[in-house]
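Below is one structure, written out as structure tokens; the observations come after it.
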Amino acid sequence: MSDERPVRLHCFAHAGAGVSAFYGWGPRLGPGVETVPHLLPGRERRRSEPRLTRPADLLADQLPHFTGESGEAPYILYGHSLGALVAYSVTRALHEAGLPGPALLVVGACPPPDQLSALADQCRAGDDELLRLLGEADALPARARPGDFWHQAVLPVLRDDLVLAHELRTAAREPSPAGPLTVPVLAVAGAGDPLARPGAMARWRAWTTGPFAARTVPGDHFFLRGHDLPRLVGRAARVVRRLAPQPAGVR
């Protein structure tokens, strides 16, 4: 595989986050996989840009990264929680535009759009209620206190991201003029994730007519920080590479 172009793994993070969770993935993925994290506006180096809460604005921001993919080498999308909805929406938009899509869509820690979502469905709740829900889901930092940096800098981003997640879920439930996706889908659950249990993740099966697999790894909602998920995705990437059609002239 060293003489081949690596499989590009495009990654989207969870609500309220940047892309730092993917920085350590390289060695865990194994050979032949290149990580390409996608940062949404309103955080890290894009902090000064307005945050996105509408699907059309999200796609306008992200689709240009994919319309240039030549199709000569396969690529994969991985999205975690909110990122799963982003990855699905990008895949669907490429499908509707008749453009080359990913060889594999991997979704993690996010129920499919036709299932209940404890946080996204409450995206416009008051701060007290939202904080209560975050606490129940073990998604509230243990040291967070009213008025601290997390409340001032992270909570507003998280709230807007939950609004975006809600809008993406609503848009996904509208029938696509291009018909259902045909891309293979791998759905990954954390064994201890209270927001997207393995049974809920298995229901992504209804969102593609292509091959489907569901896997469970150790961890809570933030299992992307562990070692098992990147190892799983790395193995999947190498399977994608083996099964990809060879370019003309390659024997």
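The values are calculated or read from the model by the stated rules, or taken from the named source; none is laboratory data. What you see is a predicted model; the values in this text were computed from it and never measured. Glycine also receives a Cβ, built like all others from the backbone with ideal geometry; neighbour counts cover every protein chain displayed. Heavy atoms of the whole protein, side chains included, go into the accessibility calculation; ligands, DNA and RNA do not. Shrake-Rupley method; radii C 1.70, N 1.55, O 1.52, S 1.80 Å.
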TRP207 being of a type in the set (Phe, Trp, Tyr), within 28 Å of ARG51 (Cα to Cα) and surrounded by fewer than 18 Cβ atoms within 10 Å (Cβ to Cβ): no
task: Select, from ALA196, ALA187, the only residue that is of a type in the set (Gly, Ala, Ser) and either in a loop (DSSP other than H, G, I, E, B) or over 19 Å from THR216 (Cβ atoms) (or both).
output: ALA196
statement: Among the residues of the stretch 108-126, the number that are of a type outside the set (Lys, Arg), more than 13 Å from ALA139 (Cβ to Cβ) and without any contact (Cβ under 8 Å) to a residue 60 or more places away in the chain is 5
task: Would you point out the residue of the stretch 98-109, among those that are more than 17 Å from ALA189 (Cα to Cα) and touching a helix residue (DSSP H, G or I) at 6+ places or on another chain (Cβ under 8 Å), that is surrounded by the most Cβ atoms within 10 Å (Cβ to Cβ)?
output: PRO102
- prompt: Within the stretch 172-190, which residues are open to solvent by 50 Å² or more (accessible area, probe 1.4 Å) and either farther than 24 Å from ALA93 by Cα or free of Cβ contacts under 8 Å to residues at least 40 places away in the same chain (or both)?
  reply: GLU174, PRO175, PRO180
field: Residues located in the stretch 27-82, provided they are without any contact (Cβ under 8 Å) to a residue 40 or more places away in the chain, open to solvent by less than 60 Å² (accessible area, probe 1.4 Å) and in a strand (DSSP E or B)
entry: THR35, VAL36, PRO37
Options PHE149, PHE222, PHE212: the member that is among the aromatic types (Phe, Trp, Tyr), open to solvent by 40 Å² or more (accessible area, probe 1.4 Å) and closer than 21 Å to VAL86 by Cβ: PHE212
message: Where the second residue is crowded, with 17+ Cβ neighbours inside 10 Å and among the aromatic types (Phe, Trp, Tyr) and the first is free of Cβ contacts under 8 Å to residues at least 40 places away in the same chain and lies in the stretch 215-227, which pairs have Cβ atoms under 9 Å and are six or more apart or on separate chains?
response: VAL217/PHE223
field: Test result for ARG45, touching a Pro at 6+ places or on another chain (Cβ under 6 Å) and of a type in the set (Lys, Arg)
entry: no
query: For PRO113, which of the numbered conditions (1) modelled with pLDDT of 95 or more; (2) surrounded by fewer than 17 Cβ atoms within 10 Å (Cβ to Cβ) fails to hold?
result: (2)
statement: When the stretch 120-146 is checked residue by residue, the ones that are in contact with a His (Cβ under 9 Å, 6 or more places away or on another chain), open to solvent by less than 40 Å² (accessible area, probe 1.4 Å) and closer than 21 Å to ARG43 by Cα are ALA120, CYS123, LEU131, ALA139, ALA144
message: I'd like to check something: does the stretch 191-198 contain any residue that is touching a residue at least 12 places away in the same chain (Cβ under 8 Å), surrounded by fewer than 17 Cβ atoms within 10 Å (Cβ to Cβ) and touching a Phe, Trp or Tyr at 6+ places or on another chain (Cβ under 9 Å)?
response: yes
